[in-house]
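Take a look at the structure set out below.
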Amino acid sequence: MKYLCQIAMITLISASLTTVANNASSKPLRNPEKGFIAKTIKVNDKSIKYIIYVPADYKSSIPRPAIVFLNGRGECGTDGFKQISTGLGPAITANVSAWPFIVIFPQKQDYDTLWEDEDSMVMAILDKSIADYNIDKSRLYLTGLSQGGHGTWAIAAEHPDMFAAIAPICGWGDSSIAAKVSKIPSWIFHGDADEAVHVDRSREMERDIKAAGGSCKLTIYPGVGHNSWDRAYRDEDLGEWFLQHSKKSDSIKDE
């Protein structure tokens, strides 16, 4: 609870100071606010709230790696804040030094849609973030949990040349997705006691990626249920692993 309280306080302060509604291109902000910042963007004439985390030591003159985080079903909505209450948001608050990234937190609004249905929203928020901040496009990473774990697979499959590495947590995919993402470094996490998304869904993705000629890491937590994200984001060196992977700038396609 203390992590949720800390995040709520940070976001409420940030929201009152820095909420924006601007989808236009702009130069990187010279002196941006730091911490968890509430923002709004218009996508297809619809206002979408999201959060962006800016590290305290961010400088607009130095390109910064970035992570896109996709929330699970329980954090869906239109409030603009729940998506930082579970998973990566609390992990950052608990150990900021482990996450030297700009982190982008879109929020899927509808509980019953899938993240691939929100691809245009995710890409619009990412494009706006790249316009506002000096983000190193060779070091873009994608992760998410549960529905967001599936979304990590699906969004990466839609943009296989964009992300330097991905980390799907307790998600699922299929062989067609695996074939599209097989060349992207991936670290998969799952609990073997997960009753919401069976651990075999991650084992199947590992198998299908290898069958497509790729490779991946798979970490399975014995006795852990659906919440494998706290272990993944807090106990593993995931941020450090992300930074081991980058894409050459000439291989990045503008989406």
Of 52, 184, 88, which is farthest towards the positive pole of the chain's charge dipole, taken about the Cα centre with +1 and -1 on the beta-carbons of Lys, Arg and Asp, Glu respectively?
52
Pairs from 59/247; 39/217; 128/247; 59/108; 46/180; 42/183 whose Cα-Cα separation, in the structure shown, is over 24 Å
39/217; 59/108; 46/180; 42/183
Protection proxy ranking, peptides 184-197, 115-128, 149-162, 40-53, average beta carbon neighbours within 10 Å, highest first
149-162, 184-197, 115-128, 40-53
Angle in degrees between helix 147-158 and the longest Cα principal axis of the chain, rounded to the nearest 10
90
Quick one: net charge around residue 53, please, counting Lys, Arg +1 and Asp, Glu -1 for every other residue with C-beta under 12 Å from its C-beta.
+2
Of every hundred units of 1.4 Å-probe accessible area on the chain, the number belonging to carbon and sulfur atoms, as a percent, is 49
Yeah, region 46-139 with a ≥ b ≥ c from its alpha-carbon gyration tensor (a/c under 1.5 is rounded, else prolate when a/b outruns b/c, oblate otherwise) is oblate
Residue separation between residue 240 and residue 73 times 0.36 nm, minus their alpha-carbon distance, gives in nm 57.4 nm
Leaving out ligands and nucleic acids, note down the accessible area per residue over region 132-255 with a 1.4 angstrom probe, in whole Å².
42
Placing +1 at every Lys and Arg Cβ and -1 at every Asp and Glu Cβ, with all other atoms neutral, what dipole size does region 136-255 have around its Cα centre, in debye to the nearest 20?
340
Only Lys, Arg, Asp and Glu count, each charged at its Cβ (+1, +1, -1, -1), so figure out the dipole size of the chain about its Cα centre, rounded to 20 debye.
840
Using helices alone, I'd like the mean residue ellipticity at 222 nm for the chain: each DSSP H run of four-plus residues gives -39500 (n - 2.57), total over residue count, nearest 500.
-9500 deg cm²/dmol
Can you say what percent of the DSSP beta bridges in the chain, counting only those with both residues inside, are antiparallel? Round to 5.
35
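The values are calculated or read from the model by the stated rules, or taken from the named source; none is laboratory data. The shown structure was predicted, so the numbers you read here are calculated from the model rather than taken from an experiment. For neighbour counting, all protein chains shown are included, and Cβ atoms are generated from backbone atoms with ideal geometry for every residue, glycine included. Just the protein is used for accessible areas: all its heavy atoms, side chains included, with ligands, DNA and RNA removed. Shrake-Rupley method; radii C 1.70, N 1.55, O 1.52, S 1.80 Å.
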